[in-house]
Amino acid sequence: MSDATIVVVEDDRNIADLVELYLRQEGFRVVQAASGEQGIEAVRNQRPRMVILDVGLPGGMDGLEVCRRLRAGTDVPILMLTARDGEIDRVLGLELGADDYVTKPFAPRELIARVKAILRRTDGSPRDAEADVLLAGDVEVDLKRREARRGGEVVPLATREFDLLRFLTENLGLALTRQQLLDGVWGAGWYGDERTVDVHVRQLRKKLGDGLPLATVWGVGYRLG
Ligand code: CA
């Protein structure tokens, strides 16, 4: 794996070049791909540190499909570019496993902030000093393996869903506002809206069911346990 390589999958050459320019200023090496097929090929060959993936791509494979296929074979962080607000729920909700999204048009500095936030979250830093497995209701949260288990069975979670579950579990019994959850899980430099939290909470409830005592605290946010 190359720590410095980012694959940018975007058919709009102007946007791809702009993204490349800013990433290069941050010291990254950029490999561009103009279609889904090229993107998958580039990820296979380059083993990048991250993929920036446009939803709208030419040909038979859009960015959502590319994301789904990449997730089947790799846990490389994926930042989606979406053209319309209407795509956001699909990006977040389809269990594709994208790590984050940016809505076009975006300011380059916002994109860079998101890239850095994702890299910070996925740097694999050891957590040896802490307990490895936390318990939230019937759900085991294995910090080292980044797994959620219920009844001994692994419940597959997207990267950010697991991060949210971990943050809630580490703050068991506390009512947390959506802003606190955004800051704690997405990072203080994240520019997204609070709806993102609700989408991910919905996914956690759907996947982990009533084994997860995750309560809505009206007027505040959410509380686990
Ligand atoms: Ca495009």
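No value in this document is a laboratory result; all are computed from the given coordinates. Since the structure is predicted, the reported quantities are computational estimates derived from the model, not experimental observations. Cβ: placed from backbone, ideal geometry, glycine included. Neighbour counts: every protein chain shown.
Just checking the listed ones, 48, 77, 58: in the Gaussian network model of the chain with Cα springs under 10 Å, the one fluctuating most is 58.
By how many nm would the segment from residue 149 to residue 194 lengthen if fully extended, with 0.36 nm per residue of separation less the alpha-carbon distance?
13.5 nm
Note on the chain: antiparallel DSSP beta bridges, both residues inside, total approximately 50 percent of the bridges counted. Total lysine pairs in the chain at Cα distances under 26 Å, for residues eight or more apart or on different chains: 4. Computed over the chain with a Gaussian network model linking Cα atoms closer than 10 Å, the most mobile of 56, 137, 97 is 137. Annotation for the stretch 166-225 versus the stretch 36-62: alpha-carbon center distance of 31 Å.
Determine the relative contact order of the chain: mean sequence separation of Cα pairs under 8 Å and six or more apart, normalised by residue count, in whole percent.
14
For the chain, modelled as a GNM with alpha-carbon contacts under 10 angstrom, which of 132, 75, 11 fluctuates the most? Most flexible of the set in this elastic network: 132.
Residue separation of residue 119 and residue 202 scaled by 0.36 nm, minus their Cα-Cα distance, works out to 27.4 nm of gained length.
Taking every alpha-carbon pair under 8 Å whose residues sit at least 6 apart, the stretch 129-224 reaches a relative contact order of 30 percent. Cβ crowding within 10 Å, taken as a proxy for footprinting-reagent exposure, orders 80, 50 from fewest neighbours to most as 50, 80. Using just its DSSP H runs of length 4 or more, each adding -39500 (n - 2.57), the chain gives a mean residue ellipticity at 222 nm of -11500 deg cm²/dmol after division by all residues. Positive-end ranking of 220, 51, 40 along the dipole of the chain, with charges on Cβ about the Cα centre, is headed by 220.
The ranking of 101, 191 by Cβ neighbour count inside 10 Å, starting from the fewest, reads 191, 101. From the Cα gyration tensor of the stretch 5-123, with a ≥ b ≥ c the square roots of its eigenvalues, which class applies: rounded if a/c is under 1.5, or else prolate if a/b is larger than b/c, or else oblate? Because its axes are fairly even, with a/c under 1.5, the stretch 5-123 counts as rounded. For a modelled paramagnetic label at residue 175, 7 Å from Cα along Cα-to-Cβ, the residues of the stretch 185-217 in reach, with backbone nitrogen under 17 Å, are 214-217.
Spin-label model, residue 74/residue 217: points 7 Å from Cα along the beta carbon direction are separated by 4.0 nm.
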